[in-house]
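Engineer: If you scroll down you'll find the structure; I have some questions about it.
Please treat every number below as a calculation from the coordinates, not as lab data. Worth saying up front: this structure is predicted, and the values here are computed from it rather than measured. Counting neighbours? That spans all protein chains shown, and the Cβs are built from the backbone with ideal geometry, glycine included.
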Amino acid sequence: MATTRERTEETTGLDQRAEEKHRSLWGDVWRQFRRHKGAMVGLVLLAVIVFGSYFGPWFWPKDPFAIDTSLANLPPSVESPFGTDNLGRDVLARVMVGGRISLSVGITAMLLSVFIGTAIGILAGYFKWLDGWLMRFTDLFLALPILPLLLVIIMLFRDTLRAQFGPELGIFLLVVFVIGITSWMQTARIVRGEVLSVKEEEFVLAANSIGTRKRNVIFRHVLPNVLSPVMVAAALGVAVAIITESALSFLGLGFPSDFPTWGRLVTDAKDTINITPARVIWPGMMISLTVISVNFIGDGLRDALDPRLRSR
Amino acid sequence: MSASPTSDETTAVAENGEVLVSVRNLKKHFPIMKGVFKRQVGAVRAVDGVSFDIYRGETLGLVGESGSGKSTAGRVILQLDPVTEGHVTFRDVDLTETKGEKLRALRPQMQMIFQDPHASLNPRMTVGSIIGEPLQEHNQAKGKERKQRIEELLSLVGLEPKHANRYPHEFSGGQRQRIGIARALALNPDFIVCDEPIAALDVSIQAQVVNLMENLQDVLGLTYLFISHDLSMVRHIADRVAVMYLGKIMELAEVEALYNRPSHPYTQALLSAVPVPDPEVEATRTRVILEGDIPSPANPPPGCPFNTRCPMAQERCVAEVPAFRELDSGHWVACHFAEEAREKVKGIV
Ligand SMILES: Nc1ncnc2c1ncn2[C@@H]1O[C@H](COP(=O)(O)OP(=O)(O)O)[C@@H](O)[C@H]1O
Ligand code: SF4
Ligand SMILES: [Mg+2]
């Protein structure tokens, strides 16, 4: 009996291999990730952008803050490939320096926002008694007038944080915090919806029948199965954070106005777009490329984390 | 419901052995909420007062059309959903009064096998971690020992140890169901609720899985509540059978008694829909055709739940809920006219 059973099912099921390789989970994920063309392009692109922002100044040692009005508004040339701005500062050097802030703000704020959104979404979706409260809390945040809120937060905490962590790190933490706590709501809603449906899956019922503790049901069964929307939210979150940061500095609430960030560079240059379009195009393109590459990476990660899409 | 099999329990025990699970007047109503303020406007009476015993080592079949409340009954018995009313006693413990850690500590003794082998395994876990999860959660067998136990379980259900590294989607439906069975067996349970374990499988695989379950029952001394809508499969595997309709038990009897002398018009209708292997009998027998659909459990008919479709229905059937009474030893029926129904049976089945 046992042998016939084996044979009939094996032929419909699996190919037989003499030796089953030991496979590590992360090895599998990485192998699948590498197969995803978009993800690899995104990864390389992001690496280039990050590398350029942090190490570019070594190869392009122009001072991004050196003002020389005699060089103002120059078109792109060999001297300054992205041209110069209205105060004669080298745009390439400014884009490189600006990238450091924009990238770190974008990625850190996204992590914070995705963390808050996922946590609240999971708690609301999984625990019925928390759902009402948490969703009302989320709606409250969605309904809050963000700008006055930002103003108040920044006024209240700017000086304390500056004193505590120094002007740059202080402002960085403040900006990340402010962006993080004002952008998690969409993620929370999407994750909650997804949790509500995953929670009804039979494998969750099976876990309950085993007696799996709630905490483990959440981390082992629910969370891994709501990763897709989290990845999408993460990719969008980077873009939102970079753009919000530029709005903040435009309002004089973020980094000092002479401090270049990508968003700030675009805002400053938009009035002279007719004279020096390169000043808008390059930082704008950096924002877009970062967003696209993070998007692709998120896509690839999502696929790589799904064993059904992962071939052996 | 009033006449649940309590009075004759002692004789039943003497005949059949020890009662492992005892279900009394079990109800599960799902509230229907409407409107902005989510007021309750009614209830789906998925399980509406069922009582029966399950004896150690037996297989109790639970049959009925889709929507009759079988799955809900199975889940509520295992306390995967809180009961609305009634009691479930497992050994000497009233499960409906047991909560939290205490209930969790009892879980290893009672397990469930699910209908859909595609939905019941987490697609993101390897087979090894799926089968190992119950061991991990109850701190049984660590490290190397656990690995060994997993391999043991895999070969017990007819899979290979090397399959532990693979993911559920790499297996066929029958193999996945074996994985689900291995998971249910990991903690050496006494009692397993099998919720249509073969309904989603290819017909060619069904017999293999049923045979596996029967072998495991013999070897491990398991007690099954076997839920199914396939009457011939239940006849094959069950010792006793309960027929469910609209959340209530219509008839409960030993398998041969139920199939040879069905005494409830609903059971008779179900059986007459099953083709008889002998072509001569098949050609001559009268068949009871069930008319209409099963009524909504949110709005069940008054009196006998079957009265909207019953060929024998009379006024009394609308006025009065039939008692669940013992027609002869161990043969329980909920019908006012069970005796007449039984008389008609010869031409039908
Ligand atoms: N979670 C639930 N909420 C509301 N109604 C439910 C729920 N689960 C089941 N039901 C209803 O209870 C009835 C019985 O369902 P079920 O137990 O799945 O029947 P079966 O397993 O016999 O097909 C059905 O009418 C179904 O719609
Ligand atoms: S009680 Fe009446 S309606 Fe119900 S099954 Fe018996 S005869 Fe039919
Ligand atoms: Mg069912």
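Engineer: Residue-wise, which Karplus ³J(HN,Hα) couplings in Hz belong to the stretch A:43-50, taking 6.51 cos²θ - 1.76 cosθ + 1.60, θ = phi - 60°, and x for glycine or proline?
Structural biologist: 5, 5, 4, 5, 4, 5, 5, 5
Engineer: I would also like to ask the following. List the lysines whose alpha-carbon lies under 19 Å from that of B:Lys102, not counting same-chain residues fewer than 8 positions away?
Structural biologist: A:Lys214
Engineer: At what distance in nm do the modelled label points of B:Arg316 and B:Glu160 sit from each other, each positioned 7 Å from its Cα along Cα→Cβ?
Structural biologist: 6.5 nm
Engineer: Can you list residues from other chains, or at least 5 along the same chain, whose modelled amide H is less than 5 Å from the amide H of B:Ile249?
Structural biologist: B:Ser51
Engineer: Spin-label point model (7 Å from Cα, Cβ direction): what's the B:His87 to A:Phe127 distance in nm?
Structural biologist: That separation, rounded to one decimal, is 3.3 nm.
Engineer: The stretch A:239-279: D in µm²/s via Stokes-Einstein (Kirkwood Rh, Cα pairs, 10 °C, 1.306 mPa s)?
Structural biologist: 154 µm²/s
Engineer: What lysines does B:Lys248 reach when the alpha-carbon gap must be under 23 Å and sequence neighbours fewer than 8 apart in one chain are set aside?
Structural biologist: B:Lys27, B:Lys28, B:Lys70
Engineer: Strictly greater than 20 Å: what percent of every Cα pair in the stretch A:237-312 meets that?
Structural biologist: Above the 20 Å cut-off, the stretch A:237-312 has 45 percent of its Cα pairs.
Engineer: For a distance above 20 Å, tell me the whole-number percent of Cα pairs in the stretch A:185-312 that qualify.
Structural biologist: Percentage above 20 Å: 61.
Engineer: Could I ask something else about it? Could you pull out every residue, at least 5 positions away or on a different chain, whose amide H is within less than 5 Å of the one on B:Thr59? Hs are placed 1.01 Å off N in the peptide plane, and Pro or chain starts have none.
Structural biologist: For B:Thr59, the qualifying residues are B:Tyr224, B:Asp239, B:Arg240.
Engineer: How large are Rg and Dmax for the stretch B:190-349 when only the alpha carbon atoms are used, in Å?
Structural biologist: Reported Rg and Dmax, both Å: 16.8, 51.
Engineer: What does the structure give for B:114-122 when I average, per residue, the other chain Cβ atoms found within 10 Å of the residue Cβ?
Structural biologist: If you average over the peptide's residues, the count of other-chain Cβ atoms is 5.
Engineer: May I pose another question? Normalised by the residues of chain A, what does the relative contact order come to in percent, with Cα pairs under 8 Å and at least six apart?
Structural biologist: 27 percent
Engineer: For chain A, count all C-alpha to C-alpha pairs, find those more than 33 Å apart, and express that count as a whole percent of the total.
Structural biologist: Of all Cα-Cα distances in chain A, 41 percent exceed 33 Å.
Engineer: Determine which aspartates and glutamates satisfy two conditions relative to A:Lys270: a Cα distance under 14 Å, and not lying fewer than 8 residues away in the same chain.
Structural biologist: Partners within reach: A:Asp85.
Engineer: Same structure, new question: As an exercise, use a Förster radius of 35 Å and the Cβ-Cβ distance of A:Asp271 and A:Phe137 to find the FRET efficiency, rounded to the nearest 0.05.
Structural biologist: Result of the calculation: an efficiency of 0.30.
Engineer: Partner chain Cβ atoms within 10 Å, averaged over the residues of B:129-137 - can you pull that number for me?
Structural biologist: 4
Engineer: Can I ask one more? Calculate one ³J(HN,Hα) per residue across the stretch B:246-261 by plugging θ = phi - 60° into the Karplus curve 6.51 cos²θ - 1.76 cosθ + 1.60, and present them in order as whole Hz with x for glycine and proline.
Structural biologist: With the stated coefficients, the stretch B:246-261 comes to 6, x, 10, 7, 8, 8, 9, 7, 4, 4, 5, 4, 5, 7, 8, 10 Hz.
Engineer: Using each residue's phi in the stretch A:90-103, evaluate 6.51 cos²θ - 1.76 cosθ + 1.60 at θ = phi - 60° and report the 3J(HN,Hα) Karplus result to the nearest Hz, with x for Gly and Pro.
Structural biologist: With coefficients 6.51, -1.76 and 1.60, one gets 6, 5, 4, 4, 5, 4, 5, 5, x, x, 4, 5, 4, 5 Hz.
Engineer: On to the next question. Computed FRET efficiency, Cβ-Cβ of A:Leu147 and B:Ala273, R0 51 Å: what is it to the nearest 0.05?
Structural biologist: After rounding, the FRET efficiency stands at 0.15.
Engineer: Same structure again: Under a Cβ-only charge scheme (Lys and Arg +1, Asp and Glu -1), can you give me the dipole magnitude of chain A about the Cα centre, in debye to the nearest 20?
Structural biologist: 760 debye
Engineer: Still on this structure, please answer the following. What is the spin-label model distance, in nm, from B:Lys144 to B:Leu220 if the labels are put 7 Å beyond Cα along the C-beta direction?
Structural biologist: If labels sit at B:Lys144 and B:Leu220, their model points lie 2.6 nm apart.
Engineer: Who wins for biggest fluctuation among A:Ile49, A:Ile179, A:Ile146 in a Gaussian network model of chain A, springs between alpha carbons below 10 Å?
Structural biologist: Result for chain A, Cα springs under 10 Å: A:Ile146 fluctuates most.
Engineer: Taking Cα centroids, how far is the stretch B:18-59 from the stretch A:171-223 in Å?
Structural biologist: First find each Cα centre; the distance between them is then 30 Å.
Engineer: I would also like to ask the following. Quick one: if the Förster radius is 51 Å, what FRET efficiency do A:Ala47 and B:Lys34 give, using the C-beta to C-beta distance and rounding to 0.05?
Structural biologist: The calculated FRET efficiency here is 0.40.
Engineer: Debye sum, Cα scatterers, the stretch B:40-109, no solvent: what log₁₀ I/I(0) at q = 0.11, 0.18 1/Å?
Structural biologist: The calculated log intensity ratios at q = 0.11, 0.18 Å⁻¹ are -0.31, -0.80.
Engineer: Mean-square fluctuation check for chain B, GNM, Cα pairs under 10 Å: which of B:Arg316, B:Arg39, B:Arg261 is largest?
Structural biologist: Checking each option, the largest mean-square fluctuation is seen for B:Arg39.
Engineer: Another one. Test of understanding: express the Cα radius of gyration of the protein assembly as shown as a ratio to 2.2 N^0.38 Å, with N the residue count.
Structural biologist: Ratio of Rg to 2.2 N^0.38 Å for the protein assembly as shown: 1.29.
Engineer: If you don't mind, there's one more thing I want to ask. Under the √(5λ) rule applied to the eigenvalues of the Cα gyration tensor, what semi-axes describe the equivalent ellipsoid of chain B? Give them in Å, descending.
Structural biologist: 36, 24, 20
Engineer: May I pose another question? Work the Kirkwood hydrodynamic radius out for the stretch A:49-167: mean of 1/r over every pair of different alpha-carbon atoms, inverted, in Å.
Structural biologist: Radius from the Kirkwood sum: 18.3 Å.
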